[in-house]
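See below for the structure under consideration.
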Amino acid sequence: SFTTLPYSFKWVWGPIIDTLQIPRLGRRRPWIVFAQAMMALTVAAMIVLDVTTQIRLLAWMVFVHTVFNALQDVATDALAVEILPDNERG
């Protein structure tokens with residue numbers, strides 16, 4: 001349940017993504033790239049650090065990874081809604 005908690009608060013990311021933008025890079029793409037980079041960083045940290053003996057550290061790293069995964073999910077959904085015409089939306 002600890003690792004699925006970030007998905008419960010995905011609604012928090014929406015206003016943040018809409019408010020903080022880099023106009024020359026697009027409204028959603030910088031958030032997607034940022035989330036991907038942070039997920040890669042957390043996976044790299046899990047590889048470098050010895051998490052086999054530190055279960056709490058592993059749990060926190062998976063939690064942080066999942067936070068960025070939820071951010072990416074919200075950003076890609078927002079990009080899809082922005083790009084797709086009304087008749088192609090589900």
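In table form, for the structure just shown:
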read-out	value
Span-like helix ranges in the chain, DSSP H, alpha carbon extent 18 angstrom or more, Kyte mean at least 1.0	29-48, 55-83
Quotient of Cα Rg and 2.2 N^0.38 Å for the chain, N being how many residues it contains	1.26
Within the accessible area of the chain (1.4 Å probe), percent carbon and sulfur	67 percent
Accessible solvent surface per residue of the chain, calculated while the other protein chains remain in place, 1.4 angstrom probe, Å²	69 Å²
Dipole moment magnitude, nearest 20 debye, the chain about Cα centre, only Lys, Arg, Asp, Glu C-beta charged	200 debye
DSSP loop chymotrypsin sites (Phe, Trp or Tyr not before Pro) with at most 16 other Cβ within 10 Å: longest gap in the chain	10-90
Normalised contact order of the chain, rounded percent, pairs of Cα under 8 Å and 6 or more residues apart	43 percent
Spacing of the two label points (7 Å from each Cα toward its C-beta) at Phe2 and Ala59, in nm	0.3 nm
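The values are calculated or read from the model by the stated rules, or taken from the named source; none is laboratory data. Computed from a predicted model, the values in this text were never measured in an experiment. Because the Cβ atoms are built from the backbone with ideal geometry, glycine has one as well, and the counts that use them run over all protein chains shown. When the accessible area is computed, the model is the full protein with side chains, heavy atoms only, and any ligands, DNA or RNA have been set aside. Shrake-Rupley method; radii C 1.70, N 1.55, O 1.52, S 1.80 Å.
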